[in-house]
1. What are the pairs with Cβ atoms under 8 angstrom where one residue, in the stretch 18-31, is among the basic types (K, R) and the other, located anywhere, is assigned to a strand (DSSP E or B)? Sequence gap at least six, or different chains.
2. Which numbered condition in (1) in a helix (DSSP H, G or I); (2) crowded, with 19+ Cβ neighbours inside 10 Å; (3) touching a residue at least 60 places away in the same chain (Cβ under 8 Å) is the only one that C81 fails?
3. For a quick check of your reading of the model, give me the residue pairs whose first member lies in the stretch 147-161 and is acidic (D, E), whose second is assigned to a helix (DSSP H, G or I) and surrounded by 14 or more Cβ atoms within 10 Å (Cβ to Cβ), with beta-carbon atoms closer than 9 Å and at least 6 apart or on different chains.
4. Write out, first by first residue and then by second, each pair whose Cβ atoms fall under 8 Å of each other, whose residues are 6+ apart or on separate chains, and whose first residue, in the stretch 38-49, is under 9 Å from I148 (Cβ atoms) while the second is among the small types (G, A, S) and not in a loop (DSSP other than H, G, I, E, B).
5. Name the single residue, out of those in the stretch 1-19 being under 16 Å from the mean Cα position of the chain (by Cα) and more than 16 Å from K139 (Cα to Cα), that is modelled with the lowest pLDDT.
6. Give me a count of the residues in the stretch 109-130 that are free of Cβ contacts under 8 Å to residues at least 40 places away in the same chain and either of a type in the set (S, T, Y) or in contact with a Lys or Arg (Cβ under 7 Å, 6 or more places away or on another chain) (or both).
7. Within the stretch 94-111, does at least one residue satisfy the condition of being in a helix (DSSP H, G or I), under 24 Å from A20 (Cα atoms) and aromatic (F, W, Y)?
Amino acid sequence: MRRPAPLPEPLPSASGFRFAIVVSRFNAAITERLRDGARAALREAGAKDDDVELLSVAGAFEIPQAARAVAETGRIDAVVCLGCVIRGATAHFEYISSSVAHAIQQASGDTGVPMAFGVLTTDTWEQAEERAVDGQENKGWEAAAAAIEMAGMVRTLRTGDRVRTGR
């Protein structure tokens, strides 16, 4: 049973920020749709195509290293991490899912660059497809929206301004 989607909020402005999208090629039929959703959100929020770097990696396990490497360049304000891990008959799913989540969190904390987690961890292919639909329910879109928000918050904190959440 699917929960109702949250009410859509307007995206904060992405103008003036630089983003990287790190996307896994494994399960490409899903991850390409996540990538497209993230790009659509960034464009809608005003990010210029020249301000978005796209990095393609073999699988989900490689996402954190690429995200860390691009963050360490100093030219990125936030990273959108996209992949798809589908449960199988072995414990591989648990190892990969947990390792990727922790490594992305660690890379973000170590570099100070926000990294949005858009790595699907589903039981079935059908569940992955449901999360890679067109529009704002696409998990790539949602990860990009989180990256935009966090880039703005981090910049605000670094400039010494008070953070206003509007709530």
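1. R18/V52; R18/E53; R25/S56; R25/V57
2. (1)
3. D161/R155
4. A41/G140; A41/A144; A41/A145; L42/A144; A45/A144; A45/A145
5. At the first step, the residues of the stretch 1-19 found to be under 16 Å from the mean Cα position of the chain (by Cα) are 11-12, 14, 17-19.
Checking which are more than 16 Å from K139 (Cα to Cα) leaves us with 12, 14, 17-19.
Working: P12: 92, A14: 95, F17: 97, R18: 98, F19: 98.
Of everything passing the filter in the stretch 1-19, P12 is modelled with the lowest pLDDT.
6. 4
7. no
A quick yes/no check of all residues on (1) surrounded by 14 or more Cβ atoms within 10 Å (Cβ to Cβ); (2) of a type in the set (A, V, I, L, M); (3) in a helix (DSSP H, G or I):
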| site | (1), (2), (3) |
| --- | --- |
| I21 | yes, yes, no |
| A29 | no, yes, yes |
| R35 | yes, no, yes |
| R43 | yes, no, yes |
| I63 | yes, yes, yes |
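The values are calculated or read from the model by the stated rules, or taken from the named source; none is laboratory data. All of these numbers come straight from a predicted model, not from anything done at the bench. A quick note on method: Cβ atoms are made from the backbone with ideal geometry, for glycine too, and the neighbour counts reach across all protein chains shown.
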